[in-house]
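Some notes on the structure that comes next.
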Amino acid sequence: MAAQQGGFSFKVVEGWGAGPAGRAFGGVTPAVATDSRDRVYIARREPAAILVYGREGDFVASWGEDVLQNPHSVWFNEKDELYVCDVDDHTVRKFDTEGRTLQTLGTAGQAGGPGEPFNQPTWAVEAPWGEIYVSDGYGQFRVHRFAAEGSLLHSWGEEGTGPGQFGLPHCLRVDSRGRILVLDRSNRRLQIFDADGVYMGEWPDLDGPNDLYIDGEDKVYIAEGNFRISVFDLDGRLLARWGEPGEGAGQFADHPHGLWLDSRGDLYVAEVATLHNRLQKFRRE
């Protein structure tokens, strides 16, 4: 099955990761990211681990079993350092590609107090200027901004539906304009802030947005919970949209929860599918 719309064309790679050199994921896989070598890093909820595959689906390694409790998200910086939000451990950890811990934010096993880091954090990213931004979304309605060494600089957000308020801040990214894009899932929108957390605007009418990826051409890919992928430009203009529910190759058996594009433009989509344990690769055509 191929997705062809708005100049975007992808073809599903059937059975990716499950071939003779692959290995079954063995659990729910909510997020995915690739490093500079296009190796694929997959968060697995339970049993908790980071799974590593080659770009053709060959199994390489797993790690983190002794540290992680429930990894919700993965995100790479340009130095091949992987940020992992652990919702059950209330921490954000930075790893190298071999699974060695480089930095830990938050207190392991202890939720932060109201408004304080962290209570089930959802996503963490590093800005080009070195600061770290974290959406603290399942247990509270906050975004936290840290200095590179880990000191808390600023937090913003509260429960609600107005500007700068959140229903569920589920994911965030920093775009090429230096803006902080936050997916406010329950409020079905993307909110835009400056680096200091000042509200700048929003894109409404999204359908359960879970994750976003910004490619080198400033195209914004969003995994929406209602079985679809949408692509926007940085001004919020819709460029393409595709997807449908189903268990076939290229369909989504459950909610697209994470996505990433590798250096060749191939798209990986992780689904929160308790019964199916699905992650699919779509090759750019």
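Structure notes:
- Residue in region 200-217 that is at pLDDT below 95, out of contact with any Asp or Glu (no Cβ under 8 Å at 6 or more places or on another chain), farther than 15 Å from residue 177 by Cβ and not hydrophobic (A, V, I, L, M, F, W, C) present: yes
- Selection status of residue 280, assigned to a strand (DSSP E or B), closer than 17 Å to residue 135 by Cα, touching an Asp or Glu at 6+ places or on another chain (Cβ under 9 Å) and modelled with pLDDT of 95 or more: no
- Note on region 8-39: among residues that are among the small types (Gly, Ala, Ser), closer than 30 Å to residue 233 by Cβ and crowded, with 18+ Cβ neighbours inside 10 Å, the one that is farthest from the chain's Cα centre (by Cα) is 33.
- Region 118-128: number of residues that are in a loop (DSSP other than H, G, I, E, B) and either more than 19 Å from the chain's Cα centre (by Cα) or touching a residue at least 60 places away in the same chain (Cβ under 8 Å) (or both): 1
- Scanning region 88-110 for residues that are surrounded by fewer than 21 Cβ atoms within 10 Å (Cβ to Cβ), assigned to a loop (DSSP other than H, G, I, E, B) and not hydrophobic (A, V, I, L, M, F, W, C) yields 88, 96, 97, 98, 99, 100, 109.
- Residue selected from region 253-264 under the condition of a type in the set (Gly, Ala, Ser) and in a loop (DSSP other than H, G, I, E, B), by the criterion farthest from the chain's Cα centre (by Cα): 253
- Within region 253-270, restricting attention to residues that are modelled with pLDDT of 95 or more and charged (D, E, K, R), the residue that is surrounded by the fewest Cβ atoms within 10 Å (Cβ to Cβ) is 264.
- The numbered conditions (1) surrounded by fewer than 20 Cβ atoms within 10 Å (Cβ to Cβ); (2) under 22 Å from residue 42 (Cβ atoms); (3) among the aliphatic types (A, V, I, L, M) are all true for residue 240 except (2).
- Extreme residue, surrounded by the fewest Cβ atoms within 10 Å (Cβ to Cβ), among residues of region 202-213 that are in a strand (DSSP E or B) and over 11 Å from the mean Cα position of the chain (by Cα): 202
- Residue list for region 270-285, filter: in contact (Cβ under 8 Å) with a residue 60 or more places away in the chain and not polar (S, T, N, Q): 270, 271, 272, 273, 278, 279, 281, 282, 283, 284, 285
- For region 241-262, a residue qualifies if it is touching a Lys or Arg at 6+ places or on another chain (Cβ under 9 Å) and among the small types (Gly, Ala, Ser), and the qualifying residues are 243, 250, 253.
- Whichever residue in region 38-72 is of a type in the set (Lys, Arg) and without any contact (Cβ under 8 Å) to a residue 40 or more places away in the chain and, among such residues, is farthest from residue 88 (Cα to Cα): 44
- Verdict on residue 28 being at pLDDT 95 or above and touching a strand residue (DSSP E or B) at 6+ places or on another chain (Cβ under 8 Å): no
- Verdict on residue 228 being basic (Lys, Arg), touching an Asp or Glu at 6+ places or on another chain (Cβ under 9 Å), surrounded by 17 or more Cβ atoms within 10 Å (Cβ to Cβ) and closer than 19 Å to residue 164 by Cα: no
- Given (1) in contact (Cβ under 8 Å) with a residue 12 or more places away in the chain; (2) surrounded by fewer than 19 Cβ atoms within 10 Å (Cβ to Cβ); (3) not in a strand (DSSP E or B), number of the condition residue 250 does not satisfy: (2)
The values are calculated or read from the model by the stated rules, or taken from the named source; none is laboratory data. Just so it is clear, the model here is predicted, and its values are computed rather than measured. Ideal geometry is used to build each Cβ from the backbone, glycine not excepted, and the neighbour counts take in all protein chains shown.
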